[in-house]
Amino acid sequence: MTRGIGRRSFIRIGAGAALGVAAARRAPAAPNDPLRVAFIGVGGRGTTDLNQAMNAGGIEVVAICDITPENLKRALDLVEKKTGKRPEGIGDYPYAYRQLLTRKDIDAVVIATPCYWHEVMYADALAAGKPFYGEKPLAITAKGVKALQEAAKNTPKVVVQIGFQWGAHPARRNIIEKVRQGLIGELLDGRFRRLNGWDNHGNWYTRRAESGDWMLEQAVHEFNLMWMVTQAHPKSCVAVGRSGIIPGRDTTNYYTAILEYEGALKNLVLHYSHGWIEVPGFKKNSFEAEFVGTRGAVDIMAATATLRQKDASGKTQVTGEGGEGDTAEHFANFFECVRNGTPEKAYCGIANGVGATMIGLLIRTSLEQKRPVTLDEALADTRTVPVPPV
Ligand SMILES: NC(=O)c1ccc[n+]([C@@H]2O[C@H](COP(=O)([O-])OP(=O)(O)OC[C@H]3O[C@@H](n4cnc5c(N)ncnc54)[C@H](O)[C@@H]3O)[C@@H](O)[C@H]2O)c1
């Protein structure tokens, strides 16, 4: 394994400090020149991301960083088998990834590490001016989300794509746009639900300090859809839930939350239920993401709307235009934005990450404090992530 620049001299630069914003890019890749991409974290999701990014095309995987040697080797083997070229592999200490962020010959990085690393690694990537595709959630603490929101304001040219691949579905994007333009009238009733399996995630996922709990780790996919439709943060939340029923985990086992908004969304009452108390054969892994408005209702996942009255073309059913899309399309959009220098065209950038994380923080705070909470109360939380010392 190579270390690039010396560990000690790099560490002195410091986490999130100026890693050299202008310095971390080479000249823009020519149209037929593959983007040079590095991967950080290649466990379960990172390996899917690696495959999907290669499927999106137009890239060369030049380096991979993972602290688990067998995961690193598996990913290096995978790329070598697929392309005939073996990327450089690093990962001999937890902050080894920083070497990749300051390298001018790397155009973008993909980060798929456990949730508690995100806010640290994403802050480092922004500080280095390195475009990144970072898995959801953006952050699992109030401090983290505030710091990233601030950092992003100072680095508006850095392309960021948060791993909300449901946001890369063209028909879904189109129906959301139509809803934003008034297709179903004023938003009234938001009906959201997710059912997971009894124990289908282990390790760090089951530890609240590391995953952030399920409203940050899992449910942010739905919260991103809420954000895409409302483009507003809820003003308050009340949530009720239980933990301790599924053994060996300190995450919440099931909860229901009610979110309220203000201004133009003052009549929107959004309810979200999320459970892991699975009964085999009964509706595992199902989702609902619907809004009912004064003029109709929309099923966001299905990208269809039903109107109370016929529209100008005599129809009550409206379907979002465009095909389907998921992780490969999300990567294709990210790479296009990096190539063209168009961060504003990323499907799910920092604003989506902030919007979704804020909802998760509201719900977690209400559950922990067993009372209704406001956004400001959720943002007052001072916990930090359990990353090792530098
Ligand atoms: N978008 C999606 O649909 C989706 C699906 C699953 C998981 N995820 C997200 O992807 C992320 C990863 O989940 P996973 O299931 O792959 O976890 P995982 O535990 O399988 O893999 C994490 C990898 O990161 C590596 N790692 C940990 N710390 C590191 C460090 N400091 N430097 C380099 N590598 C490090 C680990 O060795 C491991 O290989 C999570 O945030 C999860 O929420 C997203």
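Only the coordinates and a few stated rules stand behind these numbers; no lab work does. Keep in mind the model is a prediction, meaning the values are calculated, not measured. In this analysis, Cβ positions are derived from the backbone assuming ideal geometry, glycine residues included, and neighbour counts consider all displayed protein chains.
State which entries of Lys157/Lys178; Lys235/Lys370; Lys104/Lys136; Lys283/Lys370 exceed 21 angstrom in Cα-Cα distance in the structure shown.
Result: Lys157/Lys178; Lys104/Lys136; Lys283/Lys370 exceed 21 Å.
Using only Cα atoms, tell me the angle between helix 44-56 and the longest principal axis of the chain; keep it within 0 to 90° and round to the nearest 10.
It is inclined by approximately 80 degrees.
Please report the net charge: other residues with Cβ closer than 9 Å to the Cβ of Gly197, K and R +1, D and E -1.
My count for the surroundings of Gly197 gives -1.
If Lys and Arg each add +1 and Asp and Glu each add -1, what is the summed charge of the other residues whose beta carbon sits under 13 Å from the beta carbon of Ile175?
Here the charged neighbours net out to -1.
What percentages make up the Cα-Cα pair-distance distribution of the chain when the bins are 10 Å wide from 0?
Pair shares across the bins are 5, 23, 32, 25, 12, 3, 0.
Which net charge results when you count Lys and Arg as +1 and Asp and Glu as -1 among the other residues whose beta-carbon is under 12 Å from that of Thr294?
In short, 0.
When the helix-only estimate is applied to the chain (DSSP H runs of n ≥ 4, each -39,500 (n - 2.57), divided by the residue count), what is the mean residue ellipticity at 222 nm, nearest 500 deg cm²/dmol?
-10500 deg cm²/dmol, from helical runs alone.
What is the Cα centroid distance between the range 118-163 and the range 292-370, reported in whole angstrom?
20 Å
Give, rounded to the nearest 20 debye, the magnitude of the charge dipole that the range 220-334 has about its Cα centre when Lys and Arg contribute +1 at Cβ and Asp and Glu contribute -1 at Cβ.
Around 420 debye, computed over the range 220-334.
Where does each of 354-364, 323-333, 82-92, 279-289 land if you order them by average Cβ count within 10 Å, highest first?
The peptides rank, most packed first, as 354-364, 323-333, 82-92, 279-289.
Please give the charge dipole size of the chain, origin at the Cα centre, charges +1 on K and R Cβ atoms and -1 on D and E Cβ atoms. Round to the nearest 20 debye.
The dipole magnitude comes to about 500 debye.
Dipole of the chain (Lys/Arg Cβ +1, Asp/Glu Cβ -1, origin at the Cα centre): which of Val387, Asn174, Thr306 lies farthest to the positive side?
The residue sitting farthest along the positive end of the dipole is Val387.
How about Lys143: which aspartates and glutamates have a C-alpha closer than 20 Å to its C-alpha, ignoring those fewer than 8 places off in the same chain?
The reachable aspartates and glutamates, counting only those whose Cα sits under 20 Å from Lys143, are Glu119, Asp124, Glu135, Glu210, Asp213, Glu217, Glu368, Asp376, Glu377, Asp381.
Can you find, among Ser286, Thr113, Tyr272, the residue farthest towards the positive end of the dipole of the chain? Put +1 on the C-beta of Lys and Arg, -1 on that of Asp and Glu.
Among Ser286, Thr113, Tyr272, the one farthest towards the positive end of the dipole of the chain is Thr113.
So in the chain, what percent of DSSP beta bridges are antiparallel if you round to the nearest 5?
55 percent
Which one, Phe132, Ala75, Ala152, projects farthest toward the positive side of the charge dipole computed for the range 55-171 from Cβ point charges (K/R +1, D/E -1)?
Ala152
Check cross-link reach from Lys73 to the lysines: straight Cα distance under 19 Å, and skip same-chain residues fewer than eight apart.
Lys81, Lys82, Lys85
Top mean-square fluctuation among Asp49, Asp105, Asp124, Gaussian network model of the chain, C-alpha springs under 10 Å?
It is Asp105.
By how many degrees, 0 to 90 and rounded to 10, does the Cα axis of helix 350-369 deviate from the longest principal axis of the chain?
Compared with the principal axis, the helix lies near 70 degrees.
Output the 0 to 90 degree angle, nearest 10, between the alpha-carbon long axis of helix 69-83 and the longest principal axis computed from the alpha carbons of the chain.
For 69-83 against the chain, the angle is about 90 degrees.
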